[in-house]
Structure formats: structure tokens, C-alpha cells
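The values are calculated or read from the model by the stated rules, or taken from the named source; none is laboratory data. Note that this is a predicted model, so its numbers are computed, not measured. Cβ: placed from backbone, ideal geometry, glycine included. Neighbour counts: every protein chain shown.
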Amino acid sequence: MSSAPHPPQTPAGPAVSSIAPGSRPRQPSLAQLRAFAAVAEHLHFRDAATALGMSQPALSGAVSALEDILDVQLLERTTRKVLLSPAGERLATRARTVLDAVAALMEEADAARAPFTGVLRLGVIPTVAPYLLPTVLRLVHDSYPDLDLQVHEEQTSSLLDGLTQGRLDLLLLAVPLGAPGVSEIPLFDEDFVLVTPRDHWLAERGDIPREALRELELLLLDEGHCLRDQALDICREAGRTTGAAVTTSAAGLSTLVQLVGGGMGVTLLPRTALRVETERNEQLATGHFADPVPSRRIALAMRTGAARQGEFEQFAAALRIAMRKLPVRIVNG
């Protein structure tokens, strides 16, 4: 007796989709995830409940409900302490990721509803921070009192990583960057000045040709600083050969100019840094280049298509006005 052919097997995907809507598993709530994340952090129900501002029974109920929804035991409860189960250790990280993502979503929504409020994480390069931050901070204090400005001073490569990864929102640095996915909002151009010892043959001259850089004992910042690369580019344009060695470098501009004051060589300094860095040492002098004067451009940089692009452009416009008192040439966006 032949048996009837078996019906074709239904793949797992369609089988799931055929479940009636009313029988679908419930989704965890944010309150349940917060309760579990707090217990995972404190490993104590009372401390976790205090941290969340809720009762201990409500907290325990939320975690139990989450275990029921996930069909996984998250905690090992004893009379003395609470431990994460192996599954709980894995899912605690996931829960924290979800909660962080929701917090970021709410932060973006707050920014969209009310510009210049909430957190603004600003990255600044070391050769800009000491000289421009007083202007930036004064502007924020006077014009944007509800803005929580957080400043991070790092080198350019680190700032770009922070911007693309979402750790930073906006950068203040020298451009061009040539970084994909990053848009620049120009602020100003500033000239470079030659800083020399007081008795140097180029001290106080106002018509220094770039060609003078070919043979000078040039002092530079350490590798990684964009100002070092800019100075070397200027030297190459002046005809300085790669064989002209740079024998001494410094981690910051303050150290660099003190080396100059000690007679170890000369250096290039952006004009915004000139007053701060040279007034402290009477052994320093300056010289100015003949046209075309070497310069650099300072700009804001943001992720292309950033949700706060309009706000950042308004911020740039306000900065241009505030920076008119500095020895720079404002660049309109």
C-alpha cells in the first residue's frame, strides 16, 4: 500500500511569519532593560533600585518580566548576593548598548527641537586651543548659556577618528583635511611669522623671502602635529631639500619658542599664537615674510549630513564675528 506523498517542508522563515499577530512574543520595554542594566552594574537589588529611584519589588518584577520575555535566566539569586548568569553577562552588554543608543536618539531629538542646547563635544588641535578657546568660550557663555560645551584637545588624526566614530560632534582645526564624510566650514586664514633669537640676522625684518628657509636651523613640533606638516610644506615650497635635517622638535609651541630663545634655531608660529608665546621671553624676536606670506586656514569640521548642520553653520557665523578682533583674515562661508 503506497503512502501519500509528504507535503513539502515549510522553511523556518515562513513558519515564523505565519504566527498570528496576537501570539507574537512581547518586546522588552526600556524600563525592563534599565532595571536589568542597573542590577548588572551594582549586583545588588537595593543599590540598583536606589540608583533608578524605584522600589526594590518593582525592580525585581521588571527583571523577572524581562527574563520571562527573553525566556532566559539572567541572574542567579542567592540570599546574600546577586550574580549574572553566563547569558546575563552577554545580554547585559547588549542591554547597555540599546540604552546608550536610545540616549543618543533623545539627545539628537533635543538638539533638533532646540538648537544650542544639550551637549556639544568640540575637538580642538593643540596649536589652536590655547589661542582661540578664550574667544570660543566667551561666545558660548554670552550667547548660548544652555549649551553644554565639552572640549577635547587632541591631534588631528585622533580628532577625525572621534568625529567619524561619533565620540565628537564638531572640530576646530587647520584644513584642508581631505577626509571622506567630513565637511569643512571655513572661519579664517592666518599668516605664519618667523620666530628667531633676539640677535638673529633675520630678527625684526619685515620683508623676509621664503627662500631664507632653505638653510635655517628649523625647529618643529613632534610628528603628528599638523603644524609640523604645514611648516615642512612651506619649506619645500621655498626650495628646501629633504636632506636639510630637522634635528630638534618639541611637544608643544611653548617649549618650541623657548628652544628658539635659547639660541637653538628658529621656528614658524601662527599669528594667533604669537602674543601668548613670545611675550614671556625677552630673548625672542619676530620676522615677517614678504608677499605671498605663508598662511594656514582654520575651520570647523563636521560629519557630512550631520543632524545639527544648521546649528553648526550658525555657530561658525557667530565665531567669525567674535574672531574679528584677532590678527586673522575672516573667510565667509
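Taken together, Gly162, Gly123 contain a single residue that is touching a His at 6+ places or on another chain (Cβ under 8 Å), assigned to a helix (DSSP H, G or I), modelled with pLDDT of 90 or more and not polar (S, T, N, Q), which is Gly162.
Taking the range 258-283 as the range and being among the charged types (D, E, K, R) and not in a loop (DSSP other than H, G, I, E, B) as the test, the residues that pass are Arg271, Arg275, Glu277.
If I filter the range 26-76 down to residues being among the hydroxyl-bearing types (Ser, Thr, Tyr) and under 37 Å from the mean Cα position of the chain (by Cα), which single residue comes out as farthest from Gly88 (Cα to Cα)?
Initial filter on the range 26-76 (among the hydroxyl-bearing types (Ser, Thr, Tyr)): 29, 50, 55, 60, 64.
Okay, now just the ones that are also under 37 Å from the mean Cα position of the chain (by Cα), so 29, 50.
On the way: Ser29: 17, Thr50: 21 Å.
Restricting to residues being among the hydroxyl-bearing types (Ser, Thr, Tyr) and under 37 Å from the mean Cα position of the chain (by Cα), the top hit is Thr50.
Output the number of the condition that Gly178 fails; it satisfies all remaining conditions of (1) farther than 30 Å from Glu279 by Cα; (2) touching a residue at least 40 places away in the same chain (Cβ under 8 Å). Going through (1) farther than 30 Å from Glu279 by Cα; (2) touching a residue at least 40 places away in the same chain (Cβ under 8 Å) one by one, Gly178 breaks only (2).
Residues that are of a type in the set (Ser, Thr, Tyr), surrounded by fewer than 21 Cβ atoms within 10 Å (Cβ to Cβ), touching a helix residue (DSSP H, G or I) at 6+ places or on another chain (Cβ under 7 Å) and part of a loop (DSSP other than H, G, I, E, B): does the range 248-257 have at least one? Break it down into steps so the answer makes sense when it comes.
Step one: of the range 248-257, the residues of a type in the set (Ser, Thr, Tyr) are 248-249, 254-255.
Filter once more, keeping what is surrounded by fewer than 21 Cβ atoms within 10 Å (Cβ to Cβ): 248-249, 254-255.
So of that shortlist, the ones also touching a helix residue (DSSP H, G or I) at 6+ places or on another chain (Cβ under 7 Å) come out as 248, 254.
Those still in the list that are part of a loop (DSSP other than H, G, I, E, B) too: 248.
Scanning the range 248-257 turns up at least one residue that is of a type in the set (Ser, Thr, Tyr), surrounded by fewer than 21 Cβ atoms within 10 Å (Cβ to Cβ), touching a helix residue (DSSP H, G or I) at 6+ places or on another chain (Cβ under 7 Å) and part of a loop (DSSP other than H, G, I, E, B).
Of all residues in the range 77-96, those satisfying the criterion of being assigned to a strand (DSSP E or B) and within 39 Å of the chain's Cα centre (by Cα) are Val82, Leu83, Leu84. Within the range 52-63, residues that are without any contact (Cβ under 8 Å) to a residue 24 or more places away in the chain have Cβ atoms under 9 Å from residues that are of a type in the set (Val, Ile, Thr) in these pairs: Gln56/Thr50; Ser60/Val39, counting only partners at least 6 apart in sequence or on another chain.
Return a yes/no flag: does the range 242-249 have any residue that is in contact with a Phe, Trp or Tyr (Cβ under 9 Å, 6 or more places away or on another chain) and either aliphatic (A, V, I, L, M) or closer than 16 Å to Val195 by Cα (or both). No: zero hits. Restricting attention to the range 194-227, the residues being within 33 Å of the chain's Cα centre (by Cα), crowded, with 19+ Cβ neighbours inside 10 Å and not in a strand (DSSP E or B) number 4. Within the range 64-76, track down each residue that is in contact (Cβ under 8 Å) with a residue 12 or more places away in the chain, surrounded by 15 or more Cβ atoms within 10 Å (Cβ to Cβ) and in a helix (DSSP H, G or I). Result: Ala65, Leu66, Leu70. Considering only residues in the range 278-333 that are among the β-branched types (Val, Ile, Thr) and within 17 Å of the chain's Cα centre (by Cα), the one that is surrounded by the fewest Cβ atoms within 10 Å (Cβ to Cβ) turns out to be Thr304. I want to confirm something. Restricting to the range 114-142 and keeping residues that are over 17 Å from the mean Cα position of the chain (by Cα) and among the polar types (S, T, N, Q), which single residue is nearest to Glu223 (Cα to Cα)? If we take residues in the range 114-142 being over 17 Å from the mean Cα position of the chain (by Cα) and among the polar types (S, T, N, Q), then Thr135 is nearest to Glu223 (Cα to Cα).
Report yes if some residue within the range 79-86 is surrounded by 15 or more Cβ atoms within 10 Å (Cβ to Cβ), free of Cβ contacts under 8 Å to residues at least 40 places away in the same chain and among the charged types (D, E, K, R); otherwise report no. No, every residue in the range 79-86 fails to be surrounded by 15 or more Cβ atoms within 10 Å (Cβ to Cβ), free of Cβ contacts under 8 Å to residues at least 40 places away in the same chain and among the charged types (D, E, K, R).
This table checks each residue for (1) free of Cβ contacts under 8 Å to residues at least 60 places away in the same chain; (2) aliphatic (A, V, I, L, M); (3) closer than 19 Å to Ala318 by Cβ; (4) exposed (fewer than 15 other Cβ atoms within 10 Å of the Cβ).
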position: Gly118; (1), (2), (3), (4): yes, no, yes, no
position: Asp148; (1), (2), (3), (4): yes, no, yes, yes
position: Thr156; (1), (2), (3), (4): no, no, no, no
position: Leu172; (1), (2), (3), (4): no, yes, yes, no
position: Pro186; (1), (2), (3), (4): no, no, yes, no
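Okay, residues lined up against (1) at pLDDT 90 or above; (2) assigned to a helix (DSSP H, G or I):
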site	(1), (2)
Pro5	no, no
Thr10	no, no
Gly22	no, yes
Ala31	yes, yes
Asp47	yes, yes
Pro57	yes, yes
